[in-house]
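J.: My structure is below; once you've seen it, I'll send some questions.
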Amino acid sequence: MNALSYRFELSLLALVAAVMAWSVTGPHDMATWWMEAVPVVFVAPVLILTHGRFPLTPLSYGLIAVHALILLIGAHYTYALVPAGQWLQDAFDLSRNHYDRLGHFVQGFVPAIIARELLIRTSPLCPGKWLFALVVLSCLGISAAYELIEWLAGELSADGASAFLGTQGDEWDTQKDMALAAIGAIVGCLSLGRWQDRQIAQLGLKAQAPDEPG
């Protein structure tokens with residue numbers, strides 16, 4: 001790993017740590033904070049511990065950091081009350097705060113890139129139609145699992161459950177969230193796949209099959 005990549009990754013870690021410190025300080029609801037921020041709380045130590053023996057590409061680390069920031073901001077305010085989303089809601093006379101829609105799009109976009117890298121590096125799969133299909137379907141599975149967790153949290157806890165669910169009165173919220181995750185996964189693979197292939201090749205991790213989508 002070169003010094004530039006190391007400084008980039010260290011900067012990402014410092015940024016996420018700073019935003020986490022802000023996010024956990026006086027959140028709108030502490031129970032909701034834990035439910036929303038738990039992926040960051042668990043994934044960050046795993047990435048730190050595996051960095052030496054299984055480093056990811058800079059692209060993957062950068063996207064993970066962006067996803068973490070989105071989660072931590074949503075956790076601090078609750079998704080329905082994020083100020084940027086409220087501003088857009090007022091400015092464009094929208095029916096709801098759409099910050100959670102961004103979160104679910106990213107919930108497909110970022111895991112698609114991570115799953116893609118892991119499959120390329122640890123399986124016989126190379127870029128192509130099969131990899132594309134498996135990544136998108138995997139992200140749909142992740143989204144469905146998250147929706148089930150939201151449902152279970154709502155069943156088990158009245159405190160903070162509505163803020164965690166974030167349906168904002170939309171009876172089709174679950175289906176829309178999953179659709180956005182699927183769209184995010186597709187857009188992620190199509191827009192960043194070849195860039196990721198080049199970064200993996202530069203790290204000397206696995207040869208790539210040329211001119212294949214996904």
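J.: Pull out a ≥ b ≥ c, the square roots of the eigenvalues of the alpha-carbon gyration tensor of the stretch 39-132, then state rounded if a/c is under 1.5, prolate if not and a/b is larger than b/c, and oblate in the remaining case. Before the final figure, lay out the partial values.
T.: On the way: a/c = 3.80, a/b = 1.84, b/c = 2.07.
Oblate.
J.: Going highest first, how would you order 99-105, 192-198 by mean Cβ packing within 10 Å? Provide the component values of the computation, followed by the final result.
T.: Working: 99-105: 21.7, 192-198: 18.1.
Listed from highest to lowest mean packing, they are 99-105, 192-198.
J.: Can you work out the Karplus-derived ³J(HN,Hα) for every residue in the stretch 182-196? Use 6.51 cos²θ - 1.76 cosθ + 1.60 with θ = phi - 60°, whole Hz, and x for glycine or proline.
T.: My calculation for the stretch 182-196 gives 5, 4, x, 5, 5, 4, x, 5, 6, 8, 10, x, 5, 4, 4 Hz in order.
J.: How large is the dipole of the chain about the Cα centre if only Lys and Arg carry +1 and Asp and Glu carry -1, each at its Cβ, rounded to the nearest 20 debye?
T.: On the way: 11 positive and 18 negative charges, 226 e Å.
Dipole about the Cα centre, nearest 20: 1080 debye.
J.: Stokes-Einstein at 20 °C, 1.002 mPa s, Kirkwood radius from Cα pairs: D for the chain in µm² s⁻¹?
T.: Details: Rh = 18.2 Å.
Rounded, D is 118 µm²/s.
J.: For helix 58-77, report the angle its Cα long axis makes with the longest principal axis of the Cα atoms of the chain; keep it between 0 and 90° and round to the nearest 10°.
T.: Tilt of helix 58-77: around 10 degrees.
Bear in mind these aren't lab numbers, they're just calculated from the coordinates by the rules spelled out. Keep in mind the model is a prediction, meaning the values are calculated, not measured. Here Cβ is always computed from backbone atoms with ideal geometry, including for glycine, and neighbour counts include all displayed protein chains.
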